[in-house]
1. State the number of residues belonging to segment A:53-110 that are more than 11 Å from A:ILE34 (Cβ to Cβ) and either among the β-branched types (Val, Ile, Thr) or assigned to a loop (DSSP other than H, G, I, E, B) (or both).
2. Going by what's in this entry, would A:ALA36 be described as among the small types (Gly, Ala, Ser), under 22 Å from B:ILE83 (Cβ atoms), in contact with a helix residue (DSSP H, G or I) (Cβ under 8 Å, 6 or more places away or on another chain) and within 8 Å of another protein chain (Cβ to nearest Cβ)?
3. Can we say B:VAL249 is buried (at least 21 other Cβ atoms within 10 Å of the Cβ) and over 18 Å from B:ILE154 (Cβ atoms)?
4. Mind checking which residues of segment A:87-96 are exposed (fewer than 13 other Cβ atoms within 10 Å of the Cβ) and either touching an Asp or Glu at 6+ places or on another chain (Cβ under 8 Å) or within 11 Å of chain B (Cβ to nearest Cβ) (or both)?
5. Which one is farthest from A:LYS55 (Cα to Cα) among residues in segment A:1-42 that are open to solvent by less than 50 Å² (accessible area, probe 1.4 Å) and small (Gly, Ala, Ser)?
6. Since A:LEU9 meets every condition but one in (1) of a type in the set (A, V, I, L, M, F, W, C); (2) part of a loop (DSSP other than H, G, I, E, B); (3) at the interface with chain B (Cβ under 7 Å from one of its Cβ atoms), which condition does it not meet?
7. Considering each of B:ASP120, B:ASP49, B:ASP111 in turn, give the residue that is at pLDDT 75 or above and either under 25 Å from A:SER82 (Cα atoms) or open to solvent by less than 70 Å² (accessible area, probe 1.4 Å) (or both).
Amino acid sequence: MIPTLGLALGVVIGLLLQPAVPVWLQPYLPIAVIAALDAVFGALRAILDGIFDDKVFVVSFLFNVVVAGFIVFLGDKLGVGSQLSTGVIVVLGVRIFSNVAAIRRHLFDA
Amino acid sequence: MSTREPQDARLEPEPEPEAEHEPREAQPGPPEAEHEPPEGEPGPQAARDPRRAWHRLLRAGAPRATRANALAMLLAGALGFAIIAQVRQTSIEGLENLREDELVRIFAGVDRDGDRLGDDISELESSLERLRGQSTNEEEAQRSAQQRLEALGILAGTAPAHGPGVVMTVRDPERQVTAPMVLDAIQELRDAGAEAIQVGDVRVVADTWFTQADEGLSVSGTVVRPPYVIRAIGDGNTLAGAMEIPGGVSATVRRAGGETDIQISDEVEIDALLTLSPPQYARPVPTSTP
């Protein structure tokens, strides 16, 4: 509930402020968003599994974001930025899908 | 927060609030570092029941004022904010996000468009140049033709004329002024540079002729009665001087008993017109130059 409220609040603030993404952040923000989404879905699944932990969620959220940004940064430095970004997106996407599948099994038993 | 490791952070499925942090050594599940187990691992048995799952979800979502909850809210807010920012960024970004082949395709399209438009431009420019040249030529030709028309109209008597000149009135109470005298006057005026001449209401041109008539003069068949008013356009002083020279027109008329009155005017109207009839016998000799 509270995180949902926070998400809605963030969306509203974003819509109101119309933020411009700074240039240095532009390559990292999409990956960071996907990583954070992965953490959120993981947290949802953990709640349903009964193993949710706030600290783990917070740490995994921040860590996911940082690691994803670092991987992109490293890829940029190595000249394989776009490929590495694609790889990270694919991995995170697979994880999100698997988490969503688990959530679905929990909630709908199907 | 607590001191336990994430590996230990297994909460009992049944009696949670999840936000509490009693470390529990639950069943030694697979040691995942994060809280989501790998795909395919069956969750705890209790979570298998959908009703319980919903219940659990609701309970987890219940507002509790813990630091972790506030932190989660903060993170979720940041996530929403970042999503919106990224969406906006993506929507305002132009070509940066396109792949190489798309860029190549767009570039080729732009290149082709540019070539085509360049061709169009040069074509239209040459067309414009041509039309402009044509119109200049046509205007030039029209202007010179108009000038020729005006000059010839004045010469042939088909166009009215005005300008500086003289108006000479020849009074002839005794009917002694003859056609040759008037003809002499005309010749003198022409000699003095008169460009358009009118006697009475008759325009004097190349084929004008004078003869005696019962009531005065016949000018090209039109009877003109005294006093004869001769209008001539030219340099007024020269024309008047030509009339007044000793032994000239005025003297001859005076000798014949008439009198002349010459007025120099800045604005003499020659308004008598002639109608041209095509020559019956004379044919122009073809020339190479138009």
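The values are calculated or read from the model by the stated rules, or taken from the named source; none is laboratory data. The shown structure was predicted, so the numbers you read here are calculated from the model rather than taken from an experiment. Note: ideal-geometry Cβ built from the backbone for every residue, glycine included; neighbour counts use all protein chains shown. The protein model used for the area step is the full one, side chains on, heavy atoms only, and it has no ligands, DNA or RNA in it. Shrake-Rupley method; radii C 1.70, N 1.55, O 1.52, S 1.80 Å.
1. So the count comes out to 15.
2. In short, yes.
3. On the way: buried (at least 21 other Cβ atoms within 10 Å of the Cβ): yes; over 18 Å from B:ILE154 (Cβ atoms): yes.
Yes, satisfied.
4. Across segment A:87-96, the qualifying residue is only A:VAL94.
5. Within segment A:1-42, the match that is farthest from A:LYS55 (Cα to Cα) is A:GLY14.
6. Among (1) of a type in the set (A, V, I, L, M, F, W, C); (2) part of a loop (DSSP other than H, G, I, E, B); (3) at the interface with chain B (Cβ under 7 Å from one of its Cβ atoms), A:LEU9 violates only (2).
7. On the way: B:ASP49 fails: at pLDDT 75 or above; B:ASP111 fails: either under 25 Å from A:SER82 (Cα atoms) or open to solvent by less than 70 Å² (accessible area, probe 1.4 Å) (or both).
After applying the criteria, what remains is B:ASP120.
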